[in-house]
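The values are calculated or read from the model by the stated rules, or taken from the named source; none is laboratory data. Bear in mind the structure is a predicted one, so any value in this text is a computation, not a measurement. Glycine also receives a Cβ, built like all others from the backbone with ideal geometry; neighbour counts cover every protein chain displayed.
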């Protein structure tokens, strides 16, 4: 059915495929031998061509594209390093030679990684150079640049980056030095304020600091100076400069006054005048408040004490009363006419005159005028005075008139000053209340002047009144505005009262939304607190109405809030009853918090009560979370202990990987697995890492065991090869009837022993061949025919085992290999079994058993067949089957 698979393009329709008919066995050996010889010849020729390539990458690429042997292509691929040529080879070998394609892919990945690293390094170098050009270099930018460079591998740009980085480091060091110097200058400037230095030394120090500051501000790194320190230095420098000027002015004043005292002391005492000295001393520059100024003042006082003082003026003698005859001729007549009547005032009148005289001497014109009025009233009642008393009274009234005239003149002058002061009030930008007080005080002073200096002229009064009215106009407008505001506030208060009453009406109707009621009460209270000033009478009425309305609103609101507080208390108790060890504790707590939020949104409590309840609820929640956290902490400690135990298992497996053997690997892994399963869970964040390390350790142990097993298998394969070659050589000797002088037993004994089954199999075959060699000629001929007859069967079994092991049999066996695979497929289809490699006869046994059966088959073999058997034995040993 599958004959078409074996047809060649040049076959005739009547031809049969090779291997069919009776000639298949006869033609197989010559064709295989010829194909093997041709393949070896091509391999040798291409190997020589590969040796002549050298370092020529283009020639190596062409060789790879034309070579038919994978190991030679892989060797030639080692010479290809250019990206373009690597890409070409990878494209050509991607579906042809997996090893070469994998090598090229790894080199492409490495090249792309180097290019990416180079680009990142170039970007880092450019960033460093741009930072060097920035006027303001900050350390965080340099630190970020260092972090970028730490993960970059680009040796070709390392020198350029290090050069730029060194320049950046120098700039940062310069900035640090500049900032430290700035801090030191500010500290030195602060110390100069209380150092008590002289003006010259202080000025010198300030000049040095100012020069250093100017140099720092001219530095290329001056933008890095802290602005606060620069401003503080400038302010401190300005303050000390001003103090220095004051100090220099004080010293100049001290020197000038000291020179003045020295010059005056050098003059004769008779030429000095006290008033002149005082006037000149006062005209000198002002002295500072220190000990030197006090000393100079004492010297000046001592100088004044040595100057002779002028004699004091004598007080005026009181005017003597005129004699009676100076008044005219009628005086004696009057005096004589009155001689018969009582004369002289009473003691009260005399006391009043004394008081009037004392008031005049003290300048109290108002009191003197009152006393004068009392004296006039007493005279009108018939009080008679003596001439001396009359003269005294006239003298007192004349003095009162004179002082009153002076007072009237002085009062007018004072009124003029008052008018000027009032006219200047609008330019002083006074507060309205202070302006009103000022104007009121000016009017009071005007009235006081009226009582002291008499009535003012009408023109002055009109001017004063107009000035007061003009000055008071802004205050009057302000007070009118305040009055309007009070009326507006009263209207707003009435609106609030009406709003509260409307809310009461809605409450009584039954349409209650407690959150709205609470918000309305709070809003009304806040609006009432911000209402502003109201007239006292109106405010008293509105306060009463507003308080009554709020009381009506707050009654049911407080009842509802009490119920709400009870509900909050219940939530707190439920939260306190939560078991923190319960797995649903967090969900329960979140549900309670949601209930709390719902209640808080439905009806807010008073701020104080709300805050107190919330603090209690939060404390309970925090306690639950804290206890759960402690529980989780204990569990976390336990998980960390588990993690340490599992890490120890992984470390033990990693340490035992080198010493494990195929015989002990099972026990080691079973014990580790049992111990691993007995340990509890680890922290979730580290679970993947711990599991990964454990599996990696198990894989490492298994790999080492597999390597040891493969090494043992390879060693066994080597020993099998040696003994098999000995047996094959013995069989060749039997077939050629060449006994020779070889000691076959000694050669067999000189080889190491194999495993028991294989040793027994080969020993049986060796003994049979040795017995035939030592037997008669008929035995040798019979055994030789057996060996020759088993040649085809050996090739057939070898080909089947190569198919099962996945070994390439060579191009000369392609048709036979395909035929055998089709036969296996046909048999599997008939039997309903799997048609994979190794299916068919003997598939139930392992590859080792099949190899042992193959080795038990005595047959003549050529070099190619022996090589194929050795390759099969090596593959079976490596796979450990």
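Under the condition of being more than 54 Å from the chain's Cα centre (by Cα) and not in a helix (DSSP H, G or I), which residue from region 480-538 is surrounded by the fewest Cβ atoms within 10 Å (Cβ to Cβ)? For region 480-538, the residue satisfying everything is 510. Candidates 655, 612, 585: the one that is surrounded by 13 or more Cβ atoms within 10 Å (Cβ to Cβ) and free of Cβ contacts under 8 Å to residues at least 24 places away in the same chain is 612.
Considering only residues that are surrounded by 10 or more Cβ atoms within 10 Å (Cβ to Cβ) and under 20 Å from residue 252 (Cβ atoms), look in region 264-285 and name the one that is nearest to the chain's Cα centre (by Cα). Across region 264-285, the extreme among qualifying residues is 285. All of (1) in contact (Cβ under 8 Å) with a residue 40 or more places away in the chain; (2) part of a helix (DSSP H, G or I); (3) under 30 Å from residue 503 (Cβ atoms) hold for residue 604 with one exception: (2).
When you look at residue 250, is it in the same structural domain as residue 293 (by TED's automatic domain parsing), at pLDDT below 80 and more than 28 Å from residue 174 (Cβ to Cβ), yes or no? Yes: the conditions hold for residue 250. Can residue 806 be described as in contact (Cβ under 8 Å) with a residue 24 or more places away in the chain and either surrounded by fewer than 13 Cβ atoms within 10 Å (Cβ to Cβ) or not assigned by TED's automatic domain parsing to the domain that holds residue 853 (or both)? Spelling it out, residue 806 is indeed in contact (Cβ under 8 Å) with a residue 24 or more places away in the chain and either surrounded by fewer than 13 Cβ atoms within 10 Å (Cβ to Cβ) or not assigned by TED's automatic domain parsing to the domain that holds residue 853 (or both).
The criterion of being assigned to a helix (DSSP H, G or I), in contact with a helix residue (DSSP H, G or I) (Cβ under 7 Å, 6 or more places away or on another chain) and surrounded by 14 or more Cβ atoms within 10 Å (Cβ to Cβ) holds for residue 568. In region 737-745, the condition of being over 26 Å from residue 790 (Cα atoms), at pLDDT below 80 and outside the structural domain of residue 853 (by TED's automatic domain parsing) is met by no residue. All conditions but one from (1) in contact (Cβ under 8 Å) with a residue 40 or more places away in the chain; (2) over 30 Å from residue 875 (Cα atoms); (3) surrounded by 16 or more Cβ atoms within 10 Å (Cβ to Cβ) apply to residue 672; the one that does not is (1).
Checked against the criterion of being in a helix (DSSP H, G or I) and at pLDDT below 85, the candidates 132, 137, 172, 103 yield just one match: 132. Six or more apart or on different chains, Cβ under 7 Å: which pairs go from a residue in region 48-63 that's within 10 Å of residue 81 (Cα to Cα) to one that's part of a helix (DSSP H, G or I)? Could you list them? Taking only residues 6 or more apart or on different chains, the pairs are 57/85. For the condition exposed (fewer than 12 other Cβ atoms within 10 Å of the Cβ) and at pLDDT 85 or above, residue 477 qualifies. On inspection, residue 391 qualifies as surrounded by 14 or more Cβ atoms within 10 Å (Cβ to Cβ), out of contact with any helix residue (DSSP H, G or I) (no Cβ under 7 Å at 6 or more places or on another chain) and in contact (Cβ under 8 Å) with a residue 60 or more places away in the chain.
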